[in-house]
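Asks: Pasting a structure below so you can have a look.
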Amino acid sequence: MKAGAPRQALIFALSRRGDPASQRWVGSGTRRGLRVHNCRMSFPVVISPEPDSLPQRLSTALLALVAHRPDSARLPQARPADAAREAARQAASKAALAAGALALPPGPLGWLTLLPEMAAVWRIQSQLVADIAAIYGRSAELGREQMLYCLFRHTAAQAVRDLSVRVGERLLIRPATTLMLQQIAGSIGARVSEQLLRKAASRWVPLLGAAAVGAYAYYDTSQVAAAAIELFESENSPDKAP
């Protein structure tokens, strides 16, 4: 493709039944504007070509997210587990409210909120990991590897498995090269993009869909907290991993 040429995109529509055989091409366009032909089918999905695919954009966003550790106002606590669980409860409620609110717009308008919703939840969760690290007095040890592990251990375990190693009862995080982190972020991006496409269906039932999205955000954030608590309760620094 010549430099500066508009990148083409295909638009597919999936029937309300979700039958893959009912998928058909209904339009075309460019990054500047998409043109959709008349179609009574539901759930249009825009599939962009490489290198601007959704998984790539998500992996790039992930690397940017973990590149900078959020500041935390939390102080080390004598009973860090209790304080961490309270921080987790507050963050999970905040994530549920943010995700549920962004899931309220119906139909095509709702699709536009999918990425902002995910970004908002990721920011809340990354701040939670930073807060839990501070509560345990482990802020200095919180790096890109630890952040990726805590954020995605429960949803993309295969992608982050090479970051961790157990030594007896201790959980340690291995240092990773930039290339390894890019590969991990790419795997997570592919996984998350599949989840995004499935979540698009919830935009057709705004109130019920928003409730489900909020509940999942609460659960998801609680799992992030559980991973962070397990990690930072380890006696040894993750930086000492083999």
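Asks: Would you please list the contacts, defined by Cβ atoms under 7 Å and residues six or more apart or on different chains, that run from a residue in the range 68-87 that is in a helix (DSSP H, G or I) to a residue that is of a type in the set (Gly, Ala, Ser)?
Replies: Within 7 Å, the pairs are ALA84/ALA225.
Asks: Spot the failing condition for ALA140; the list is (1) surrounded by fewer than 14 Cβ atoms within 10 Å (Cβ to Cβ); (2) of a type in the set (Gly, Ala, Ser); (3) at pLDDT below 90; (4) out of contact with any helix residue (DSSP H, G or I) (no Cβ under 7 Å at 6 or more places or on another chain), and only one is missed.
Replies: (3)
Asks: Report the residue count in the range 173-202 for those that are open to solvent by less than 10 Å² (accessible area, probe 1.4 Å) and touching a strand residue (DSSP E or B) at 6+ places or on another chain (Cβ under 7 Å).
Replies: 1
Asks: In this structure, does ARG191 turn out to be out of contact with any helix residue (DSSP H, G or I) (no Cβ under 8 Å at 6 or more places or on another chain), part of a helix (DSSP H, G or I) and either at positive phi or among the basic types (Lys, Arg) (or both)?
Replies: Spelling it out, it is not the case that ARG191 is out of contact with any helix residue (DSSP H, G or I) (no Cβ under 8 Å at 6 or more places or on another chain), part of a helix (DSSP H, G or I) and either at positive phi or among the basic types (Lys, Arg) (or both).
Asks: Go through GLN183, GLN158 for me and flag whichever is of a type outside the set (Val, Ile, Thr), in contact (Cβ under 8 Å) with a residue 12 or more places away in the chain and assigned to a helix (DSSP H, G or I). Break it down stepwise before answering.
Replies: Details: GLN183 fails: in contact (Cβ under 8 Å) with a residue 12 or more places away in the chain.
Being of a type outside the set (Val, Ile, Thr), in contact (Cβ under 8 Å) with a residue 12 or more places away in the chain and assigned to a helix (DSSP H, G or I) holds for just one of GLN183, GLN158, which is GLN158.
Asks: Sticking with this one: Going by the structure shown, is SER164 open to solvent by 10 Å² or more (accessible area, probe 1.4 Å) and over 24 Å from LEU58 (Cβ atoms)?
Replies: No: the conditions fail for SER164.
The values are calculated or read from the model by the stated rules, or taken from the named source; none is laboratory data. What you see is a predicted model; the values in this text were computed from it and never measured. Virtual Cβ from ideal backbone geometry, glycine too; neighbours counted across all protein chains shown. Surface accessibility is based on the protein's heavy atoms, side chains included, excluding ligands, DNA and RNA. Shrake-Rupley method; radii C 1.70, N 1.55, O 1.52, S 1.80 Å.
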